[in-house]
1. What's the number of the only condition in (1) buried (at least 18 other Cβ atoms within 10 Å of the Cβ); (2) within 13 Å of the chain's Cα centre (by Cα); (3) farther than 24 Å from ARG86 by Cβ that LYS19 fails to meet?
2. If a residue has to be in contact with a Cys (Cβ under 6 Å, 6 or more places away or on another chain) and part of a helix (DSSP H, G or I) to count, how many in the range 31-66 make the cut?
3. What number of residues in the range 100-120 are exposed (fewer than 11 other Cβ atoms within 10 Å of the Cβ), within 14 Å of ALA24 (Cβ to Cβ) and not aliphatic (A, V, I, L, M)?
4. Checking the structure you have, find out if any residue of the range 39-52 is in contact with a Leu (Cβ under 8 Å, 6 or more places away or on another chain), farther than 22 Å from ALA113 by Cα and surrounded by 19 or more Cβ atoms within 10 Å (Cβ to Cβ).
5. Considering the range 21-30 alone, what residues qualify as being in contact with a helix residue (DSSP H, G or I) (Cβ under 9 Å, 6 or more places away or on another chain) and either part of a loop (DSSP other than H, G, I, E, B) or under 15 Å from VAL105 (Cα atoms) (or both)?
6. Counting only residues that are charged (D, E, K, R) and within 19 Å of GLN106 (Cβ to Cβ), how many does the range 41-90 have?
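The values are calculated or read from the model by the stated rules, or taken from the named source; none is laboratory data. Model, not experiment: these values are computed from the prediction. Heads up, the Cβs are rebuilt from the backbone with ideal geometry, glycines too, and the neighbour counts pull from every protein chain shown.
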Amino acid sequence: MSSIDWQTVKEYQDITYKKCGGVARIAFNRPNVRNAFRPRTVAELFEAFVDAREDTNIGVVLLSAEGPSTKDGVYAFCSGGDQNARGHQGYVDESGMPRLNILEVQRLIRFMAKVVIAVV
C-alpha cells in the first residue's frame, strides 16, 4: 500500500490546502475550537475553492478537517461559526468590517462543476 503524496498548495492559518494528482484536499485547521470557522477561515476557504475550481487538473475536491484537538484528543469536522470570534453586532473581520460570508463558500461548492466530497 502506497501513501498519498499530498503537495501543499499554499500555507494558510485556518485551513490546509493540498493537491495530489487530480484531487484537491481542503481541510479546516482549527481543531482546538472543533474546527469552528471565523471570517479568516471563510476567506481562506473561498480562495482555496476558487483555485480548485480553476485548476483544470483537479476533478475532485475533498473537504475535511485536521485534528485531533490538543486539548482533549477529540476529532471534529466543523462545529459551525466560532462564537468566540463573534461580537455584539455579529462577526467582524480583521479590517473591522462586519462579515462572515459563509453563504458565498456554500454557493461556490454547490455550483462548482467538480465533485466535492465532505470527508466527515
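1. Failing condition for LYS19: (2).
2. Number satisfying all stated conditions: 0.
3. 0
4. Residues of the range 39-52 in contact with a Leu (Cβ under 8 Å, 6 or more places away or on another chain): 39, 42, 46, 49-50.
Checking the rest, the ones that are also farther than 22 Å from ALA113 by Cα come to 39.
Filter once more, keeping what is surrounded by 19 or more Cβ atoms within 10 Å (Cβ to Cβ): 39.
Yes; the residues of the range 39-52 include at least one that is in contact with a Leu (Cβ under 8 Å, 6 or more places away or on another chain), farther than 22 Å from ALA113 by Cα and surrounded by 19 or more Cβ atoms within 10 Å (Cβ to Cβ).
5. Looking only at the range 21-30, we keep the residues that are in contact with a helix residue (DSSP H, G or I) (Cβ under 9 Å, 6 or more places away or on another chain), and these are 24, 26, 28-30.
Selection gives ILE26, PHE28, ASN29, ARG30.
6. Kept after step one, since they are charged (D, E, K, R), are these residues of the range 41-90: 44, 47, 51, 53-55, 66, 71-72, 82, 86.
In the following step, the residues that additionally are within 19 Å of GLN106 (Cβ to Cβ) were identified as 44, 47, 51, 53-54, 82, 86.
Total meeting the criteria: 7.
Table: residues versus (1) modelled with pLDDT of 95 or more; (2) over 21 Å from VAL120 (Cα atoms); (3) among the hydrophobic types (A, V, I, L, M, F, W, C).
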position	(1), (2), (3)
TRP6	yes, no, yes
GLU11	yes, yes, no
ASP55	yes, yes, no
ASP72	yes, no, no
GLY81	no, no, no
GLN89	no, yes, no
GLY96	no, yes, no
